[in-house]
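Chemist: Questions regarding the structure given below will be posed in turn.
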Amino acid sequence: MLAVPEVHLVRPEDVPAAAAALVRAFYDDPMLIYMFPEPRTRARALRRFFILQLRQSPKKRVLAYTTEGCRSTALWMPPRTSPPGVREVIAQLPIFLIMGRRFGAALELVQLVEARHPKTPHYYLGGLGTDPAWQGRGLGSAVLTPVLDICDRDGVPAYLESSKESNVAFYQRHRFELTDEVVVPDGSVRLWLMWREPLLAPSGAGA
C-alpha cells in the first residue's frame, strides 16, 4: 500500500522545482499549446508563466499546494466576494505579456472561458500538474485534497476546466461533475467544464 504523499503550500524556495515539473506536465496540454504554439520556445515561456503564478501563492491570490520534491502541484484560486481590483488586474498583466504575438488569441480564449465561469462563489482549480515520471502514484489526488477538504468543511463548491478529456474521469472520482463544454472558434481546443458540490452544501447553492 502506497504511503499518502505529504503536501504543503508552495514556499518561495519551492518555486523553481514546482515550475519545472509543471512545464513537463503541461508541455503537451492543448490549451497551453494554443497559447504557446512554438515548440522551440514553449518550455521557456511556460516556465515564466508558472513562476509568475506560483509567486502569487504567498499573497493569497493563488493557493498552490505541492508534494515533496514538488513533483505535483495544484493551483487554486479562493472564492471571490467582489470583482478583481486594479492591483489584481495589474498583477496578471505579466502573464499575458509572456504570450507575445499570441496575446490576442489568448485573451479571446480567456474571455470565452470566463463567460461560462459560474457566478456562485467557489474554489477554482486553475491548474493541476504532475511530473510525467511520477504520474499514477496518487500525487494529483494528494494535492487536490487540502482544498477539497476545505470545500466540504465550509460548504463551498469547486470548479475547473479540463483541457484533456482523458482527465475527466480522474476529476469525477473526486466528485466533480461534467456540466458543459467550450470549444475555441477554430476547433483546436476543447474544454470540459466541471463542478463539484461540497458534502455539506449550503441551501441555495448551485452553479
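Every number here is computed from the coordinates shown, using simple stated rules; none is lab data. The structure displayed is predicted, hence computed values, not measured ones. Every residue, glycine as well, gets a Cβ built from its backbone with ideal geometry; the counts of neighbours run over all protein chains shown.
Chemist: Taking the mean number of other Cβ atoms within 10 Å as a proxy for protection, how do you rank 111-117, 140-146 from highest to lowest?
Modeler: On the way: 111-117: 11.7, 140-146: 20.6.
Averaged packing, sorted descending, gives the order 140-146, 111-117.
Chemist: Amide H of Gly155 versus every other amide H placed in the peptide plane: which residues, excluding those fewer than 5 positions away on the same chain, fall under 5 Å?
Modeler: Leu200
Chemist: Using a Förster distance of 22 Å, how high is the FRET efficiency between Arg190 and Tyr27, based on the Cβ-Cβ distance and rounded to 0.05?
Modeler: Once rounded, the FRET efficiency stands at 0.75.
Chemist: Based on the mean of other beta carbon atoms within 10 Å per residue, what is the order of 44-54, 165-175, 62-72, most packed first?
Modeler: Working: 44-54: 20.0, 165-175: 13.3, 62-72: 22.4.
Order by mean packing, descending: 62-72, 44-54, 165-175.
Chemist: To the nearest 0.05, what FRET efficiency results for Val183 and Arg47 with a Förster distance of 35 Å applied to their C-beta separation? The partial results should precede the final answer.
Modeler: Working: r = 28 Å, r/R0 = 0.80.
It comes out at approximately 0.80.
Chemist: Also: First select every other residue whose beta carbon is under 15 angstrom from the beta carbon of Val168; then total the charges, Lys and Arg +1, Asp and Glu -1. The partial results should precede the final answer.
Modeler: Working: positive: Lys164, Arg173, Arg175, Arg190, Arg196; negative: Asp29, Glu161, Glu165, Glu177, Asp180, Glu181.
That sum, taken over residues with Cβ under 15 Å, equals -1.
Chemist: Please work out the FRET efficiency for the pair Glu6 and Arg173, using the Cβ-Cβ distance as r and a Förster radius of 22 Å; give the result to the nearest 0.05.
Modeler: Values: r = 21 Å, r/R0 = 0.96.
After rounding, the FRET efficiency stands at 0.55.
Chemist: Tell me the net charge near Leu199. Cut-off is 13 Å between Cβ atoms, Leu199 excluded, with +1 for each Lys or Arg and -1 for each Asp or Glu. Before the final figure, lay out each step's value.
Modeler: On the way: positive: Arg153, Arg175, Arg196; negative: Asp149, Asp152, Asp154, Glu197.
Around Leu199, the charge tally is -1.
Chemist: Here is a follow-up. Could I have the simple spin-label model distance between Glu38 and Glu165, label points 7 Å from Cα toward Cβ, reported in nm to one decimal?
Modeler: My value for the distance between the label points is 3.2 nm.
Chemist: Near the amide H of Leu63, under 5 Å away, which other amide H atoms are found, from residues 5 or more places off or on another chain, if H is placed in the peptide plane?
Modeler: Trp76, Met77
Chemist: Convert each backbone phi in region 163-177 into a coupling constant with the Karplus relation 6.51 cos²θ - 1.76 cosθ + 1.60 (shift: θ = phi - 60°), then list the ³J(HN,Hα) values in order as whole Hz, x for Gly and Pro.
Modeler: Values, residue by residue: 9, 10, 4, 5, 8, 4, 4, 4, 5, 5, 5, 9, 6, 7, 10 Hz.
Chemist: Let me ask something else about it. Residue by residue through region 178-195, what is 3J(HN,Hα) from phi via Karplus (6.51 cos²θ - 1.76 cosθ + 1.60, θ = phi - 60°)? Round to whole Hz and write x for glycine and proline.
Modeler: Once θ is set to phi - 60°, the couplings for region 178-195 become 6, 10, 5, 9, 10, 10, 5, x, 7, x, 7, 9, 10, 10, 9, 8, 9, 10 Hz.
Chemist: Run the numbers for Arg80 and His117: contour at 0.36 nm per residue of separation, minus the present Cα-Cα distance, in nm. Intermediate results must be reported in sequence, preceding the final value.
Modeler: Values: separation 37, 0.36 × 37 = 13.32 nm, distance 1.22 nm.
Additional length available on full extension: 12.1 nm.
Chemist: If you average the alpha carbon positions of region 114-147 and of region 14-61, how far apart do those two centres end up, in angstrom?
Modeler: 15 Å
Chemist: Still on this structure, I have one more. About its Cα centre, how strong a charge dipole does region 1-79 have in debye, to the nearest 20, once Lys and Arg get +1 and Asp and Glu get -1 at the Cβ?
Modeler: I would put it at about 360 debye.
Chemist: Something else about it: Using θ = phi - 60° and the Karplus relation 6.51 cos²θ - 1.76 cosθ + 1.60, list the HN-Hα couplings for region 126-138 in order, rounded to whole Hz, with x at every Gly or Pro.
Modeler: Result, ordered by residue: x, x, 9, x, 10, 3, x, 5, 10, 6, x, 10, x Hz.
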